[in-house]
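Laboratory data are not the source of any read-out in this text; all were calculated from the coordinates shown. Predicted model, so just to flag it, every value in this text is computed and none were measured. Cβ sites come from the backbone with ideal geometry, for glycine too, and all protein chains shown count toward neighbours.
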Amino acid sequence: MEQPIFKRIVLKLSGEALAGQQGYGIDSAMITSIAEQVKTIHDLKIEIAIVVGGGNIWRGIAGSAKGIDRATADYMGMLATVMNSLALQDALEDVGVPTRVQTSIEMQQVAEPYIRRRAIRHLEKGRVVIFAAGTGNPYFSTDTTAALRAAEIEAEVILMAKNKVDGVYSADPFINKDAVKFEELTYMEVISNNLGVMDSTASSLCMDNNIPLIVFSITDEGNIKRVVLGEKIGTIVKGSVS
């Protein structure tokens with residue numbers, strides 16, 4: 001049997017990853033592909049928590065730029081993450097993966113409230129836990145949510161699945177053809193060079209709690225499994241480069 005190198009992970013999905021090629025909303029083929037990839041690592045007995053963004057439906061910063069109060073815009077974004085989480089839960093259960101959604105904003109008819117001990121118990125019982133509604137506070141991104149939840153549940157790594165790039169680059173590879181892909185980085189390099197992997201709050205939280213981050217492409221089928229089996233793909237970000 002294949003041996004994973006991690007026992008408990010946080011998988012960070014951007015909202016755009018769920019939109020697939022259509023760029024907006026939820027693409028059924030893409031969300032099914034993600035669910036099937038998650039199932040392959042769930043079958044390896046890995047404990048999986050997922051944080052999903054909401055950018056395929058609503059972006060708080062973009063809404064704020066259009067004149068909506070920033071806190072209000074961010075709460076709207078949190079609701080978008082709940083919609084994505086419920087869709088992902090449905091897709092996962094369609095392929096036979098038991099799943100629970102926990103939200104930072106209480107909505108008991110829809111999902112469980114976030115309770116750390118309950119989340120850990122779900123993971124120990126083999127259920128995938130999807131953390132929705134961000135941290136429950138405006139001004140904090142879902143990247144920060146992933147870092148916070150990873151620290152709280154004592155995850156060994158954050159897997160950041162991207163739908164446009166296959167790692168961290170020195171510049172936008174779609175704009176600058178001379179952009180260089182990094183294999184390894186430290187969090188200090190990410191922050192000081194403003195590489196845009198995740199926001200500075202999330203990067204600092206990961207650095208302070210010694211949580212490594214692996215950035216890779218989710219559009220290549222099977223990449224999630226390759227990462228958890230230890231294959232060197234994408235970019236790894238950690239406290240220090242070996």
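As a proxy for reagent exposure, PHE174, PHE131 were ordered by neighbouring Cβ count within 10 angstrom, fewest first; the result is PHE174, PHE131. When +1 charges are put on Lys and Arg Cβ atoms and -1 charges on Asp and Glu Cβ atoms, the dipole computed for the chain relative to its Cα centre reaches about 380 debye. For the stretch 193-201, 3J(HN,Hα) computed residue by residue from phi via the Karplus equation (6.51, -1.76, 1.60; θ = phi - 60°) reads 9, 6, 7, x, 5, 8, 5, 5, 5 Hz, glycine and proline entered as x.
Listed from fewest to most Cβ neighbours within 10 Å, the set THR135, THR99, THR72 follows the order THR72, THR135, THR99.
The distance linking the stretch 77-139 with the stretch 4-29 is 14 Å (Cα centroid to Cα centroid, whole angstrom).
The alpha carbons of the stretch 112-196 stretch over 47, 29, 24 Å along the principal axes, in descending order. Projecting the alpha carbon convex hull of the chain along each direction and taking the average yields 12.9 nm². Summed over qualifying helices (DSSP H, 4 residues or more, each -39500 (n - 2.57)) and divided by its residue number, the chain shows a 222 nm mean residue ellipticity of -11500 deg cm²/dmol.
Counted over the stretch 183-242 with a bin width of 5 Å, the fraction of Cα pairs per bin, in whole percents, is 4, 19, 28, 22, 16, 10, 1.
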